[in-house]
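The values are calculated or read from the model by the stated rules, or taken from the named source; none is laboratory data. Only a predicted model underlies this, so the values are computations on that prediction, with no experimental measurement involved. Here the Cβ positions follow ideal geometry from the backbone for every residue, glycine too, while neighbour counts run over all protein chains shown.
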Amino acid sequence: MLDTLIQIENVTVEYAAGRNTRREVLNNVSLDIAAGEFISIVGETGCGKSTLLRLILGQEKPTRGRVQVDGRERGQPDRQCGYVPQKYSLFPDKTVLDNVTFGPEVTRFGAWAAFGILHRGELRRFREEALRYLRHTGLDESDARKYPHQLSGGMQQRVAIAQALIMKPPILLMDEAFSALDPATRQGMQRLIKKLWRESGTTIVFVTHNTREAVCLGTRVIALAKNEGPRRGSAIALDLPVPDLDFDSTDREVAELVREVEYASVRETSVVYN
């Protein structure tokens, strides 16, 4: 049995919504994620998918309950979790190579990295490693010399993934990372991230609106749905282990799973079922 890496225990998240009013986003959510799993999270807009991701990242804290990574309660973002957002977070004034090496350089040399005061040997090692990650994501050395504005959306997203992976995080969080891509590019990125997951063993938590994408990528699909009652936040409506599907799996096999997940994510719920 795999070790639990992420523990979400009885988590409720509320936000202020005006004078003396609170809006609940998540209601008493509990979820254990084992090392090496690929978790897809789906649900309607506003159901708390991204909030759940930010809790794991350490960017947000629960109103009640707790979130632990590797046995430690989350306090703030750190190297435990890499993060790939929907909008690429690339520095426009840096080349692709410099964007990818920025994280390791700052981690190793701190503020001195901003002034270029680096040991030549270390700098060469970072650049060689960055090129390996770029090649791993389907880019080459000529792309490494370009600036973000010279790349397509799909290429920029590959750089963002290399940027996250070079930090070697045990957990990779992806928030609607492919939603802005055209269908052909999106399909290529889906195959790429599953290939990288199989090779690296990284634990991935992947938020998406695309149910087929969730089913074909994940080892488990978590569907969030609104609780009964207008003021109660979302809960887990479905925690579904899925077989290791190829994107060329039969339509019937995938369609049945998609229907089950979509039904769960649109119904109001008061219990978890599987």
Problem - Residue within segment 204-218 that is at pLDDT below 90 and out of contact with any Phe, Trp or Tyr (no Cβ under 7 Å at 6 or more places or on another chain) present - result: no
Handout entry: From the options I33, I56, residue that is in a strand (DSSP E or B), hydrophobic (A, V, I, L, M, F, W, C) and either surrounded by 14 or more Cβ atoms within 10 Å (Cβ to Cβ) or assigned by TED's automatic domain parsing to the domain that holds F178 (or both)
Key = I33
Completion exercise
Here the residues within segment 29-51 that are out of contact with any Asp or Glu (no Cβ under 6 Å at 6 or more places or on another chain) and aliphatic (A, V, I, L, M) are V29, L31, I33, A34, I39, I41, V42
Problem - Residue check for G201: at positive phi and modelled with pLDDT under 95 - result: yes
Completion exercise
Picked from segment 140-187 (must be modelled with pLDDT of 90 or more, crowded, with 20+ Cβ neighbours inside 10 Å and outside any helix (DSSP H, G or I)), the residue farthest from the chain's Cα centre (by Cα) is I166
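Here's the yes/no breakdown for (1) free of Cβ contacts under 8 Å to residues at least 60 places away in the same chain; (2) more than 24 Å from I193 (Cα to Cα):
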{"site": "R232", "(1), (2)": "no, yes"}
{"site": "I236", "(1), (2)": "no, yes"}
{"site": "V242", "(1), (2)": "yes, no"}
{"site": "L245", "(1), (2)": "yes, no"}
{"site": "D248", "(1), (2)": "yes, no"}
{"site": "A255", "(1), (2)": "yes, no"}
{"site": "V261", "(1), (2)": "no, no"}
Practice task
Starting from segment 194-212, take each residue that is assigned to a strand (DSSP E or B) and list its partners that are at pLDDT 95 or above and of a type in the set (F, W, Y), counting only C-beta distances under 8 angstrom and pairs at least six apart or across chains.
Solution key: T203/F38; I204/F38; F206/F38
Problem - Residue list for segment 213-245, restricted to those being touching a helix residue (DSSP H, G or I) at 6+ places or on another chain (Cβ under 7 Å) and either closer than 30 Å to T21 by Cβ or not in a helix (DSSP H, G or I) (or both) - result: V221, A223, L224, A225, A237, L238, L240, V242, L245
Exercise for the section: Go through (1) under 30 Å from A34 (Cβ atoms); (2) surrounded by 18 or more Cβ atoms within 10 Å (Cβ to Cβ) one by one and return the number of the condition T107 breaks. Expected result: (2)
